[in-house]
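Here is the structure we will look at, set down as structure tokens.
The values are calculated or read from the model by the stated rules, or taken from the named source; none is laboratory data. Just so you know, these numbers come straight off a predicted model, no measurement behind them. Quick reminder, even Gly has a Cβ in these numbers, built from the backbone with ideal geometry, and neighbours come from all protein chains shown. Heads up: the accessible areas ignore ligands, DNA and RNA and are worked out on the full protein's heavy atoms, side chains in. Shrake-Rupley method; radii C 1.70, N 1.55, O 1.52, S 1.80 Å.
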Amino acid sequence: MSGANKSARHSSMLQARWLGRVGFREALGLQRRLWKHSADDYLLLLEHDHVFTAGPSADEANLLVDPTAVGADCVRIDRGGDFTYHGPGQLVGYPILTLPGQRGGGLAETAAYVCDLEQVLIDALADVGLSGCGRLRGYPGVWLDLEGTPRKLAAIGVRLSRGRTMHGFALNVDTDLAWFDRIIPCGIREYRPTSLRAEGCEATMREVVDAVLGRAAERWSGTALERADVAWRHRPSDLSAFSRGLGPGQALKRPSRGSRFSAPASADTQGGHDSGLVPVAPPRSRARLAEAGVGNGLQLAERKPSWLRAQMDLNEGYLRLRRVMRQHDLVTVCEEAGCPNIFECWGAGTATFMINGQRCTRACGFCLVDTSKPGPLDIDEPRRVAEAVAEMKLDHAVVTAVARDDLPDGGAAAFADTIAAIRAESPGTTVEVLVPDFGGDAGSLQTVLDAGPDIVNHNIETVARLQRAVRPSAGYARSLALLARCASGGHVTKSGIIVGMGEDDAEVELTLADLAAVGVSIVTIGQYLRPTDNHIPVARWVPPESFGRWRDIGSALGFAHVESSPLTRSSYHAAESAAAVALEARARPASA
């Protein structure tokens, strides 16, 4: 999939996403990628952390405080308007729409679009019980008490270029209005902002979102929309026992003799040649998971189907590669996560190196990687990885790492050093990195990108609705924003989805559409296998034909390669995926 071209998919339905709390810069990067790359119409709805934003012509005198002194960010952006504020309790909407018949972005076209956006909010506010809202002549936005003391409920600042929209609105639902005392909002001194709550309207954020989406779909897509929401409720009890810090629990298989790992996991490669028994979650866990959308899970007596039983094969290639790993004192995710494909992949001379230690600072509900306190980085590790790659004569090397939130750069420099070391030892080897999200830090990600990996992989793991239950320290929007940044920089980008954790097929398809929309080129899809009884349960065994159908859907969406089967993991057939992308690039017309 070329970063220069629009996504192959086009849906006539509005793509609506409730993304929860999202950093402003991440949301801005995601918007820009969707605006430039996707042919679909999106409406992103979310809340921000405290941030002041301003258009190019904003008056600096209207910012009354040092943002850092009050714990806020400040961002200059490419939209109209003066300083405004975004923060918790405020519904922010970013419509990314192609407006029929409007290829320009002149004043008349922009004014007409702003009027449409205002009407969506006016109608939605009436739907939740706040009538009397309207427009105040000469002041964009949505206002209350127009004939008395006008008060501003929603600010609007947009960009319209080449017939496509960016930026949008900020509607105060239950906002702390004291934040507006730190700026002159939108440069308007004579009128003050208000909120639904301050006006006596008790509508919840979810009710307001529902109303806005209903009116937006009515105006922009003839009432039809495809919607995905992240979890609305965030409580510690929503998480698996493992994610709450209670440890891995009872393993679901006995380790192979001589194995370095004690049980299968699921971060990159989930479970393998075990008995196929799945324990029943305890009653409290069942209720929690059902509320989170994961479900009760399969019963202990239910064995894995035949298509999920990998066979042990101590072939010569496997044994040779294991000797190389031991000789260089290296860690692979293949072993740490108990990959069912380890015998096949190692037999073919491929492996995924895991750097930055064996201890992760996160505790995702599907993954068994050790979460005890990480040790210091091994500064000699990049050299040893490079020597192993050279000794194995790899055409394609995959490097991943645990999350290292304890480090200022999240471990990014070690990725860069490892890439450089491999290049020095094996200049003909392509390098793929499977990176964490670096806590959303763009600088850390850029450190990796500047090292020039051939493929950048970051797994979105699951559908929007299950993100909180599955990986509580990450986020759907953050992962999409990271992938969008990589693709926008011209990097071949890859992501993976684990199925069988409570999602339905339609949600998988929407996730694939979102990955395509931000410019991902390679996608992997595989079945979740539960490592221990403290991890989230398996909700279903997905039949092989479903994986085949997703492969076809992915091809229709424009992905260069879709690796989709029950035992597929992030690095499965990685070399073949890389070759497929290279072949597509060679076949692409020079003008693309």
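So residue 122 ticks every box in (1) surrounded by fewer than 20 Cβ atoms within 10 Å (Cβ to Cβ); (2) over 28 Å from the mean Cα position of the chain (by Cα); (3) within 25 Å of residue 48 (Cβ to Cβ) but one. Which box is left unticked?
Looking at each condition in turn, residue 122 falls short on (1).
For the condition at pLDDT 95 or above, of a type in the set (D, E, K, R), open to solvent by 30 Å² or more (accessible area, probe 1.4 Å) and farther than 23 Å from residue 52 by Cβ, what is the one hit in 109, 199?
Step by step, each of 109, 199 is checked, and only 199 is at pLDDT 95 or above, of a type in the set (D, E, K, R), open to solvent by 30 Å² or more (accessible area, probe 1.4 Å) and farther than 23 Å from residue 52 by Cβ.
Tell me, please, whether a residue that is of a type in the set (Phe, Trp, Tyr) and either over 24 Å from residue 481 (Cβ atoms) or without any contact (Cβ under 8 Å) to a residue 60 or more places away in the chain (or both) can be found in the stretch 534-547.
yes
Going through 448, 402 one at a time, which residue ends up being in contact with a helix residue (DSSP H, G or I) (Cβ under 8 Å, 6 or more places away or on another chain) and buried (at least 21 other Cβ atoms within 10 Å of the Cβ)?
Numbers: 402 fails: in contact with a helix residue (DSSP H, G or I) (Cβ under 8 Å, 6 or more places away or on another chain).
None of the others qualify; the one that does is 448.
Within the stretch 175-196, which residues are within 13 Å of residue 139 (Cβ to Cβ), assigned to a loop (DSSP other than H, G, I, E, B) and open to solvent by 60 Å² or more (accessible area, probe 1.4 Å)?
Correct list: 189, 190, 191.
Of all residues in the stretch 45-79, which are crowded, with 18+ Cβ neighbours inside 10 Å, in a loop (DSSP other than H, G, I, E, B) and among the small types (Gly, Ala, Ser)?
Passing the criteria: 55, 58, 72.
Which members of the stretch 303-329 meet the condition of being in a loop (DSSP other than H, G, I, E, B) and in contact (Cβ under 8 Å) with a residue 60 or more places away in the chain? Explain how you work it out, then say what you get.
So in the stretch 303-329, the residues in a loop (DSSP other than H, G, I, E, B) come out as 303-305, 309-315, 328-329.
If the condition is that a residue be in a loop (DSSP other than H, G, I, E, B) and in contact (Cβ under 8 Å) with a residue 60 or more places away in the chain, then 304, 305, 310, 328 are the ones that fit.
Tell me which residues, restricted to the stretch 372-386, are assigned to a loop (DSSP other than H, G, I, E, B), touching a residue at least 12 places away in the same chain (Cβ under 8 Å) and open to solvent by less than 60 Å² (accessible area, probe 1.4 Å).
Listed by number, the residues that qualify are 372, 374, 375.
Of all residues being of a type in the set (A, V, I, L, M) and over 22 Å from residue 342 (Cα atoms) in the stretch 353-391, which is nearest to the chain's Cα centre (by Cα)? Just the residue, please. Show your work before the answer.
Restricting attention to the stretch 353-391, the residues satisfying the condition of being of a type in the set (A, V, I, L, M) are 354-355, 363, 368-369, 377, 379, 385-386, 388-390.
Restricting the remaining residues to those that are over 22 Å from residue 342 (Cα atoms) gives 363, 377, 379.
Numbers: 363: 17, 377: 27, 379: 30 Å.
Applying the filter and picking the extreme gives 363.
Report, by residue number, each residue of the stretch 129-155 that is open to solvent by 30 Å² or more (accessible area, probe 1.4 Å) and either closer than 14 Å to residue 196 by Cα or not basic (Lys, Arg) (or both).
129, 131, 132, 138, 139, 140, 145, 146, 147, 148, 149, 151
If a residue counts only when it is open to solvent by less than 10 Å² (accessible area, probe 1.4 Å), which helices (runs of 4 or more DSSP H) contained entirely in the stretch 485-592 have at least 3 such residues?
505-517, 544-557
Taking residue 154, is it in a strand (DSSP E or B), out of contact with any Cys (no Cβ under 7 Å at 6 or more places or on another chain), among the hydrophobic types (A, V, I, L, M, F, W, C) and at pLDDT 95 or above?
Taking the combined requirement at face value, the residue satisfies it.
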